[in-house]
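Engineer: The structure under discussion is supplied below as C-alpha cells; questions concerning it will follow.
The values are calculated or read from the model by the stated rules, or taken from the named source; none is laboratory data. Just so we're clear, the structure is a prediction, and the values are computed from it rather than from any experiment. Glycine gets a Cβ as well: all are built from the backbone with ideal geometry, and neighbour counts include every protein chain shown. Keep in mind that these areas ignore ligands, DNA and RNA; they rest on the heavy atoms of the full protein, side chains included. Shrake-Rupley method; radii C 1.70, N 1.55, O 1.52, S 1.80 Å.
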Amino acid sequence: MKQFFVFIKKEFYHIFRDKRTMFILLGMPIVQIIIFGFALTNEVKNAKIGVLDFAKDAASTSLITEIQASRYFDIAQTLSSQKEIEPVFQKGNVKLVIVLPANFNAELTHLHTAKIQIIADATDPNIANQLTNYASAIIRDYQQRITENQQLPYTIQTQVRMLYNPQMKGAYNFVPGVMAMVLLLVCTMMTAITIVREKELGTMEILLVSPARPFRIIVAKAIPYLLLSTINIASILLLSVFVLGVPINGSIWLLLGVSMLFILVSLSLGLLISASADTQQTAMFIALVALFLPTVMLSGFMFPVANMPVVLRVLSNVVPAKWYYNIVNAVMIKGLGVQAIWKELLILSGMLIFFLGLAIQKFKIRLA
Amino acid sequence: MNNDTAIRTHDLTKRFGGFIAVNKISFDVKKGEIFGFLGANGAGKTTAMRMLCGLSIPSDGMATVAGFDVYKENEKIKKSIGYMSQQFSLYDDLTVKENMRFYGGIYGKSNQFIKEKTKLILDQLQLKNEANLLVKSLPLGWKQKLAFSVAMFHEPEIIFLDEPTGGVDPVTRREFWTMIYKAAATGTTVFVTTHYMDEAEYCDRVSIMVDGRIEALDTPAALKKNYNTNSMDDVFLQLARKATRKSD
C-alpha cells in the first residue's frame, strides 16, 4: 500500500512540474467553456445588414426602425440603388440586404399587398437561413400589428414552446459536449501519454524489474488523472451554472456518478492506447484520430446523429462519448432520473468492462 | 545447489516464433563476482538478461537467480536484484532525493532505511548540495553514477548493468568502475554488459555471445591466452566475425 502511495506522489510531481500538462489539465476545461460559451455561438446577434429603401414613406420608415431596434440586426449600410447591393456583399460588409420597393406604403394600404425583397449572403447557409428567418419574423410582427384591428377571414395560430431550453441557448447543447471532450482529453490522452513516456524514457523497464506489480503501476498512474478529472467536472459545472446560466435540472449526484463511470471508460481507453503505442506521438495520434474526432463528430454534440447516413449512425454507437452526452443531456438539462438513462448506463458499463479487459490482456501479452 | 552461486543457467533458450534469440546458454556466476556479458548488437545479450531479470519468460532450459527459479519465483527474484539499463533510468523531473525516495519506496523499504541510505549515498557521491536539484540539471556522468547508486539502493544481492557506461567520458567511466568494485567487494554480484573492451578487462570472468550462443567463457587472461593475443579487443573480433546473424 505504501508502495502505491509513493507511486501516486511521484505521478503528481510529474504533473505539477510540467507547465504544459498543468495547462491542459486545469486550463483546458475553462478555456473550452469560455470559447464555446462566448465565441463559438451559432446564435446570431447584431448581424450587419444593408437597407435599400426606394419608398422612404411612413410605412417603410417604421418597418426599418423596427428592424434596427431588434437585437439581431444592425443596419450598417443604407443603400440608394440596386447597383450598390453586389459590392457590399462582395466586400463582406453585410450579410443581408432588405429591399423595400417604391410606393411601399401606398401598395400596402390600397392594394393590401406589398413585396419586400430579402437578399442574403448564403456562403454560410446556416447563418443566411437564420437571418432570413429573423427578418421574416420581424416583418410578420409588423404586419400583424398594422392589421390588428381588422378581422382576417381565417387564421391559424401556432403556439411554439421551446421545452427544456426556452431561450434556445447554445450553451445547453455544448456544456454536455465539452464535459465529454475534456474528460476524454484528460483521462484518455494524458494517461496514455504518461505511460508511454515511461516506456520511451526506459524507466518502465526499471519499474517492471522492481517488485511493483505491473497492474498496480498502471493503476497508480491513472489515479492522479482520475482525481484531476473530478476537479474538472466540478469546474465545468460551476462555470456552466454560474457563468453561462445553464441549470442542473436533475440530480447532481446522479450526474457526478455517471461522470465517474465515463471517466473510468476513458481511463481504460487510455490504458488500451498506452499498451499499443510505443512513442508519445503515436499515443497522441491514436487518441486524436480514434477518439477525439469521433467524439466531436459523432457524439451528437456538434452535428445531430439522427440526420446522419445509416453507416455513421451505426458507427456512432461505438463512441462512448455519444452515450455520455445523451446521459448528461437527459440528467442535467431535462432533469430526468435513472429510469431514463438505464440503457446508456448499461452500454457504458459494458464498454468499461470490455476496454479494461482488453487493456489488461494487452499488457500481459507485452510482458510475456 | 551451491551456496556460492548467484546465477545459474542451463540450456536457457528464448525463441520468438522461428527465431532463436538465445540458444541453450549455460553458465554459473559466483557470488561477489563481476561477470562481463559481452556480444555484438543482436547477439542475444539483452534477451538473456531480460530472462534473468524476470522481464521475459524463457522458452526452454532452466535458470536460477539468487537461488530462485525464473519460471516460478520471479517475484522473489525481483526483490533480490537491481537493474540499470543503457537508457538513463532516473526521473528527470524529480530531484535527486525524490528519485531515491521513490525507488526506496517501490522496494518497500522503511522511511528510516530510506533516510539513512539517502544520506549515505549523497555523502559518497558528494551530491549533498545537489540533493534538492532536479536530476535533469546534473551532468550525464553524475546522473549515471547516481543511477547506479539508486539501482543499489535496496541492497540487492545481484545487480544487472546493461551497458551502464554508454556515452560517458573515460574519467567518469573509471570512477564508475571503482563503484562497481566497491559493490562487488561487499558481496554484491555484478552482471554487466558492455561494448568497451577495456571494461571487459576489469571483469573477473567474461562470456562472449555470438548468434545466441555463448562461444567463450573464461577470465580475460585465459581468453587472451587461448586466442593467442594480448588484447580483449582481438578476442572479441575473432569471435564476433563468426556471426552470421545481422546486428540490429
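Engineer: Kindly establish whether B:R241 is open to solvent by 40 Å² or more (accessible area, probe 1.4 Å), out of contact with any Asp or Glu (no Cβ under 9 Å at 6 or more places or on another chain) and modelled with pLDDT under 90.
Structural biologist: Yes, satisfied.
Engineer: So which of A:G245, A:G250, A:G170 ends up being open to solvent by 10 Å² or more (accessible area, probe 1.4 Å) and on the phi > 0 side of the Ramachandran plot?
Structural biologist: A:G245
Engineer: Of all residues in segment A:134-167, count the ones that are surrounded by 13 or more Cβ atoms within 10 Å (Cβ to Cβ), modelled with pLDDT of 80 or more and more than 15 Å from A:Y72 (Cβ to Cβ).
Structural biologist: Residues in segment A:134-167 being surrounded by 13 or more Cβ atoms within 10 Å (Cβ to Cβ), modelled with pLDDT of 80 or more and more than 15 Å from A:Y72 (Cβ to Cβ): 1 in total.
Engineer: Sticking with this one: How about segment A:3-23: which of its residues are within 8 Å of another protein chain (Cβ to nearest Cβ) and open to solvent by less than 80 Å² (accessible area, probe 1.4 Å)?
Structural biologist: Residues satisfying the conditions are A:Q3, A:V6, A:F7, A:K10, A:Y13, A:H14, A:D18.
Engineer: Could you tell me whether segment A:37-52 includes any residue that is in contact with a helix residue (DSSP H, G or I) (Cβ under 9 Å, 6 or more places away or on another chain) and in a helix (DSSP H, G or I)?
Structural biologist: Yes, there is a match, as at least one residue in segment A:37-52 is in contact with a helix residue (DSSP H, G or I) (Cβ under 9 Å, 6 or more places away or on another chain) and in a helix (DSSP H, G or I).
Engineer: Moving on. Restrict the check to segment A:238-248 and report whether at least one residue is more than 14 Å from chain B (Cβ to nearest Cβ), over 25 Å from B:G54 (Cα atoms) and among the small types (G, A, S).
Structural biologist: Yes, the conditions are met somewhere in segment A:238-248.
Engineer: Additional query: In this structure, is A:F303 in contact with a helix residue (DSSP H, G or I) (Cβ under 9 Å, 6 or more places away or on another chain) and within 24 Å of A:L226 (Cβ to Cβ)?
Structural biologist: no
This table checks each residue for (1) on the phi > 0 side of the Ramachandran plot; (2) of a type in the set (A, V, I, L, M); (3) touching a Gly at 6+ places or on another chain (Cβ under 7 Å); (4) open to solvent by 40 Å² or more (accessible area, probe 1.4 Å).
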residue	(1), (2), (3), (4)
A:Q90	no, no, no, yes
A:L100	no, yes, no, no
A:L108	no, yes, no, yes
A:T123	no, no, no, yes
A:T132	no, no, no, no
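Engineer: Consider A:V51 carefully, then state whether it is under 28 Å from A:T147 (Cβ atoms) and open to solvent by less than 60 Å² (accessible area, probe 1.4 Å).
Structural biologist: Against the criterion (under 28 Å from A:T147 (Cβ atoms) and open to solvent by less than 60 Å² (accessible area, probe 1.4 Å)), A:V51 qualifies.
Engineer: Please tell me if A:S70 is farther than 30 Å from A:F174 by Cα, assigned by TED's automatic domain parsing to the domain that holds A:T132, touching a residue at least 40 places away in the same chain (Cβ under 8 Å) and open to solvent by less than 60 Å² (accessible area, probe 1.4 Å).
Structural biologist: Taking the combined requirement at face value, the residue does not satisfy it.
Engineer: Further question on the same structure: Can you give me the ranges of the strands (runs of 3 or more DSSP E) entirely in segment B:15-100 with at least 1 residues that are more than 14 Å from every other protein chain (Cβ to nearest Cβ) and at pLDDT 90 or above?
Structural biologist: Strands (runs of 3 or more DSSP E) meeting the threshold: B:19-30, B:34-39, B:60-65.
Engineer: Output the residues belonging to segment A:273-295 that are among the aliphatic types (A, V, I, L, M) and either open to solvent by 30 Å² or more (accessible area, probe 1.4 Å) or in contact with an Asp or Glu (Cβ under 8 Å, 6 or more places away or on another chain) (or both).
Structural biologist: A:M284, A:I286, A:L288, A:V289, A:A290, A:L293
Engineer: Further question on the same structure: For segment A:194-206, does any single residue satisfy the condition of being open to solvent by 10 Å² or more (accessible area, probe 1.4 Å), in contact with a helix residue (DSSP H, G or I) (Cβ under 6 Å, 6 or more places away or on another chain) and not in a helix (DSSP H, G or I)?
Structural biologist: no
Engineer: Further, regarding this structure: Which number in (1) open to solvent by less than 50 Å² (accessible area, probe 1.4 Å); (2) modelled with pLDDT of 90 or more; (3) over 24 Å from B:A6 (Cβ atoms) marks the one condition that B:Q112 misses?
Structural biologist: The one condition B:Q112 does not meet is (1).
Engineer: If you don't mind, another one. Can you name the residue in segment A:309-339 that is among the aliphatic types (A, V, I, L, M) and open to solvent by 50 Å² or more (accessible area, probe 1.4 Å) and is also nearest to A:L184 (Cα to Cα) among such residues?
Structural biologist: Here the residue is A:V318.
Engineer: Among the residues in segment B:165-178, are any in contact with a Lys or Arg (Cβ under 9 Å, 6 or more places away or on another chain), open to solvent by less than 10 Å² (accessible area, probe 1.4 Å) and polar (S, T, N, Q)?
Structural biologist: Yes: segment B:165-178 contains one or more residues that are in contact with a Lys or Arg (Cβ under 9 Å, 6 or more places away or on another chain), open to solvent by less than 10 Å² (accessible area, probe 1.4 Å) and polar (S, T, N, Q).
Engineer: Check B:A21, B:A40 and return the single one that is open to solvent by 10 Å² or more (accessible area, probe 1.4 Å) and of a type outside the set (S, T, Y).
Structural biologist: Just one listed residue meets the conditions, B:A40.
Engineer: Another question, then. How many of the residues making up segment B:7-66 are of a type in the set (A, V, I, L, M) and free of Cβ contacts under 8 Å to residues at least 24 places away in the same chain?
Structural biologist: Qualifying residue count, segment B:7-66: 2.
Engineer: Scan the helices (runs of 4 or more DSSP H) fully inside segment B:101-210 and keep the ones with 2 or more residues being within 14 Å of chain A (Cβ to nearest Cβ).
Structural biologist: Hits in segment B:101-210: B:111-125, B:140-151.
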